[in-house]
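The numbers here are math on the coordinates, done by the rules we state, and not lab data. On a predicted model such as this, the values are computed, not experimentally measured, just so you know. We place every Cβ from the backbone using ideal geometry, glycine too, and count neighbours over all the protein chains shown.
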Amino acid sequence: MPHLLIDIGANLTHASFADDLDAVLGRAAAAGVSRIVVTGSSDQGNIDAAELAADWPGRLFATAGVHPHHASEYTDASDELIRSLALRESVVAIGECGLDYYRNYSPRAAQLEAFRSQLEIAADTGLPVFLHQRDAHDDFVAVLEPELSKISRAVAHCFTGEGKSLREYLAMGLWIGITGWICDERRGAHLKELVAEIPDDRLLIETDAPYLLPRTLTSKPASRRNEPAYLAEVLRVLADARGQSEQHVAAVTTANAMRFFNLPAVAPATTENHNS
């Protein structure tokens, strides 16, 4: 039997899933992925993620936030939308939010302002925060660290950094999300040396689908699209790198995801969309 898993970050509102989402979720369930947190990253994306979670109660959940790429679009209405969506039972975190100085699709000043605003929402709502950081470590820490005492929980989503940043995040109390980046021998080899340093009770796994298809898959889809079913491959590579059994890593990451997002104790038995 497959291990019971929770994918803490999948972009299921992406256009690539528009035509076959039911099949994608069916394959995920068959692979043991019982629950998925759908990432919100823009105004419309937040609405779409929340509606998708409502269509699959107990199976899908959503975050609500504005990614740093969209920070220049962050308005008072964005703030109000996130706050209103946060009242829904299926919305379980604020974000994806943070800083991205690698692309700089939004000016850094706008990124900093949007990041601070969303940390304030997380503090006000009590929801955990789903964080993004790329090439912005110093500013990211400078903004986040003073606010952490007001925030319930925070995860460094899709961690790809070096040992220094990992240790700093752990010292700050962050949880760490590991993706298929660890399956990439070109860019992620260093993660295999680092992941054993993450305590069992701070470890989470995710696909970031449709991105970051695990390169270690023996049979890759022609589309090169990643999907939640491939979380099992992230589990396999991660467990091997940590020197732990897949069963152990599956058990701790599932328990951690339930605790981090305050998910219900029992996943639904059916894979059917209740609106089908």
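Projecting the Cα atoms of Ala222, His3, Tyr102 onto the dipole axis of the chain, where Lys and Arg carry +1 and Asp and Glu carry -1 at the beta carbon, places His3 farthest toward the positive end.
Estimated at 0.36 nm per residue, the fully extended path between Glu168 and Ala15 surpasses their Cα-Cα distance by 51.5 nm. A simple charge model with +1 on the Cβ of Lys and Arg, -1 on the Cβ of Asp and Glu and nothing else charged puts the dipole of region 1-134 at about 480 debye relative to its Cα centre. Only one residue of Ala18, Phe130, Leu60 has its Cα farthest out toward the positive end of the dipole of region 1-146, where Lys and Arg carry +1 and Asp and Glu -1 on Cβ, and that residue is Leu60.
Taking 19 Å as the straight-line reach from the Cα of Lys192, the lysines in range (excluding those fewer than 8 positions away in the same chain) are Lys164. The dipole here belongs to region 114-153: it is taken about the Cα centre, uses +1 on the Cβ of Lys and Arg and -1 on the Cβ of Asp and Glu, and is about 160 debye.
Sorting 76-88, 48-60, 105-117 by their mean Cβ neighbour count within 10 Å, with the most densely packed peptide first, gives 48-60, 105-117, 76-88. Going by a ≥ b ≥ c, the root eigenvalues of the Cα gyration tensor, does region 209-260 fall in the rounded group (a/c under 1.5), the prolate group (a/b larger than b/c) or the oblate group? Oblate shape, in that a/c is at least 1.5 and b/c is the bigger or equal ratio.
Highest-first packing order for the peptide set 213-223, 246-256 is 246-256, 213-223, based on the mean count of other beta carbon atoms within 10 Å. Would you work out which of Gly161, Ile198, Ala171 lies farthest towards the positive end of the dipole of region 159-237, given +1 charges on the beta-carbon of Lys and Arg and -1 on that of Asp and Glu, about the Cα centre? Working it through, the farthest residue towards the positive pole turns out to be Gly161.
Long hydrophobic helices in the chain: the complete DSSP H runs spanning 15 Å or more by Cα along their own axis with mean Kyte-Doolittle hydropathy of at least -1.0 are 43-55, 108-125, 231-242, 246-261.
With a cut-off of 14 Å between beta carbons, the residues surrounding Asn262 carry a summed charge of +3, where Lys and Arg count +1 and Asp and Glu -1.
Under the convention that each Lys and Arg Cβ holds +1 and each Asp and Glu Cβ holds -1, the size of the dipole of the chain around its Cα centre is about 700 debye.
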